[in-house]
Amino acid sequence: MYKLWIVMAHTFKSRLRTKAFIITTIASLLLVVGLTNMQTIVGLFDEEEVQKVAVIDSSDRFYEPLKQQVEAESDDIEMVKVTESESVTEEKVREGEYDALLVLEENSEGLPTGLFKAESVSDAGWMNKIESSLQQTKVMIATQNLGVDPAELSNLYSPVSFETEALKENAKTEEELNQARSIVYVLLFIIYFAVIFYGSMIATEVATEKSSRVMEILISSVSPVKQMFGKIFGIALLGLTQFALLFGAGFISMKFAPKSDTPSSIDSFTDFIAIDQLPVSTMIYAVVFFLLGFLLYATLLAMLGSLVNKVEEANQVITPVILIIVVAFMIAMSGLGNPDATFVTITSYIPFFTPMIMFLRAGMLNIPIWEVMIGILILVATIGIFAMIAAKVYRGGVLMYGNATSLKSLKKALIFAKR
């Protein structure tokens, strides 16, 4: 046991001090802080500019109601009525006196049509506002022509009152479900990338030690099985350390980030997630399923990494395991919209899919604790079975050299392990 802890500590410290880990962690911390303060950063470079639009209204009927609609919807668009010809106004747009030209005309039904001209039509934001305002102006004029009271029409188009209420006992409300969905969505991504990144790290480290012949020295002092689990636990501790730093930085940055006077999608997202109101059970499930999922896949990846001699070969051998992780992630993503689906329930008990899909169900639904425990027990049993197989393969695999890039090498590794 003592040697196991030595290998774990050595793996953790050696990886912690590498330039790649330090640079990756610093870059990730900067990214987290940047995303949580995106509105402030954008505000430093995004100066509010008023778009000046020249309007030619040949009918002399549509400019005033359109201007009122635009002013009601946006304060960064200025409508200016001009009397010059269209060609003269176009020239002023090219010279920069106006940002755009809008030509209003009356069709055969007495309704407005618009022709928008600008140097570039790549900025769709403010152009869409003008189009939306013109559409509302058209509706207003059409209702007046039909003799319909605008107030009655407004009442007709007002959103219908529609509320949802779950009859199932302890079922989550729609607001709670939406919040849980966003939280689970983020945590699923974290579990997905963490398992792939840190699991692949184990396979490549074993292959690196074999290629440098360090393995021959290590197995003389520490058994291969202790090496395998020492590396797995060391990398797991490394991952938890890195994610603790990222979550801490994200939490502090979200809590103390300056709030903008004009709410943005980023502000809405951070308020919606409400990380300080995150259910304790969801965080516990996230840690438990992250560790169990990591142990399952890390055991397989360490076993496969022991079969190869070069890092390049490791990427080929671990591909099937990576594909299984991708399939589990895709099922979890499709289950976000309907976590009660039968295929989600069934796949949550399949060990390779349990870490993500059972976490999805536990995070979004109020399922009985015994269902979660069954999934955990199945996962633990599967890890134990694969650990025994992986230990034997690892014991023989670390002694194998030469071409070993196929799964047929498993049989050869088991033979070596018996010697």
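The values are calculated or read from the model by the stated rules, or taken from the named source; none is laboratory data. Just so we're clear, the structure is a prediction, and the values are computed from it rather than from any experiment. Here Cβ is always computed from backbone atoms with ideal geometry, including for glycine, and neighbour counts include all displayed protein chains. The protein model used for the area step is the full one, side chains on, heavy atoms only, and it has no ligands, DNA or RNA in it. Shrake-Rupley method; radii C 1.70, N 1.55, O 1.52, S 1.80 Å.
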Phe233 - accessible surface, heavy atoms, 1.4 Å probe, Å² rounded to 10
70
Any idea how far apart Ile385 and Glu73 come out in nm if each label point goes 7 Å out from Cα toward Cβ?
6.1
With all protein chains present and a 1.4 Å probe, how do Val372, Val380, Val326 order by accessible area, largest first?
Val380, Val326, Val372
Convert each backbone phi in segment 194-204 into a coupling constant with the Karplus relation 6.51 cos²θ - 1.76 cosθ + 1.60 (shift: θ = phi - 60°), then list the ³J(HN,Hα) values in order as whole Hz, x for Gly and Pro.
5, 4, 5, 5, 6, x, 5, 4, 5, 4, 5
So the FRET efficiency between Arg61 and Lys117, C-beta based with R0 = 22 Å and rounded to 0.05, is 0.60
Would you rank Asp75, Asp57, Asp340, Asp99 by solvent-accessible area, highest first, keeping every protein chain in place and using a 1.4 Å probe?
Asp75, Asp340, Asp99, Asp57
Sort Glu105, Glu86 by heavy-atom solvent-accessible area, probe 1.4 angstrom, most to least.
Glu105, Glu86
Tell me the accessible surface of Lys129 in square angstrom (1.4 angstrom probe, heavy atoms of protein chains only), to the nearest ten.
80
